[in-house]
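Where a number appears in this text, it was derived from the coordinates with a stated rule and is not lab data. Since this is a predicted model, take the numbers as computed values, not measurements. Cβ coordinates were reconstructed from backbone atoms using ideal geometry, including for glycine residues, and neighbour counts include every protein chain displayed.
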Amino acid sequence: MKNLRKTRGISTLVAVCLALLINAPADAHHSFAAAYNLEAPISIVGKVVDVRLTNPHSYFFLEVTGDDGKIVNWKFEAGTPSGMLRNGYSPQVIKKGDTVTINGFRARNASNNGMLRELITADGKVYGMFGPQQNAGNP
C-alpha cells in the first residue's frame with residue numbers, strides 16, 4: 001500500500017510538471033501573426049508623441065491626422081530595446097514632435113495598434129524592428 005501511494009504521488013508530480021512545461025512556451029512569448037494581420041501591410045505618417053524602450057518590446061506612439069482632420073492616436077510595437085540600441089537606435093535619434101512614416105501591420109482587432117516593420121525619419125533614415133536597416137533608396 002505504501003508503494004502504491006508513493007507511485008501515485010510521483011505520477012501526480014510528473015503530470016503537474018509536464019502540464020507546466022507544455023504551457024510555458026505559450027505564455028513566454030506571443031505570436032506576431034496571431035496579433036497582427038501580416039497579410040495586409042499599412043503605412044502611417046504621423047508625429048511622434050512618445051517612444052518607450054521597455055522590455056520585452058519597444059513602442060512608438062504617434063498622432064496621425066485623419067482624412068477628416070481629426071487626430072488619431074496609434075501605438076506600434078517594435079523590437080527589443082537592447083536589439084534596437086545594439087543596432088544604432090537611441091532615444092536621441094527620434095524625438096517627440098518628429099514626423100515619421102511607419103510601415104508595418106495593423107492589429108487583427110482593428111484597433112489603432114500595429115507592429116512596426118520599418119520606421120522612416122524625415123531625412124530618409126530607415127529603422128527596422130531591431131534598429132537601422134540598409135535601404136538602397138536612401139543616401
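Would you order 51, 45, 126 from fewest to most other beta-carbon atoms within 10 Å of each residue's own beta-carbon?
Going from least to most buried by this count: 45, 126, 51.
Looking at segment 32-132 only, what percent of DSSP beta bridges run antiparallel? Nearest 5 please.
Antiparallel bridges make up about 90 percent of those DSSP assigns within segment 32-132.
Please give the length that would be gained between residue 126 and residue 90 if that part of the chain were fully extended, namely 0.36 nm times their separation in residues minus their C-alpha to C-alpha distance (nm, one decimal).
Here the answer is 11.6 nm.
Compute the Cα gyration tensor for segment 32-132, then decide on rounded, prolate or oblate, letting a ≥ b ≥ c be the square roots of its eigenvalues: rounded whenever a/c is under 1.5, prolate when a/b is larger than b/c in the other cases, and oblate in all that remain.
oblate
Pull out the extension gain between residue 80 and residue 52, defined as 0.36 nm times the separation in residues minus the alpha carbon to alpha carbon distance; nm, one decimal.
Numbers: separation 28, 0.36 × 28 = 10.08 nm, distance 1.04 nm.
That pair, residue 80 and residue 52, stretches by 9.0 nm at full extension.
Between residue 39 and residue 70, take the C-beta separation as r, use R0 = 25 Å, and let me know the FRET efficiency to the nearest 0.05.
0.35
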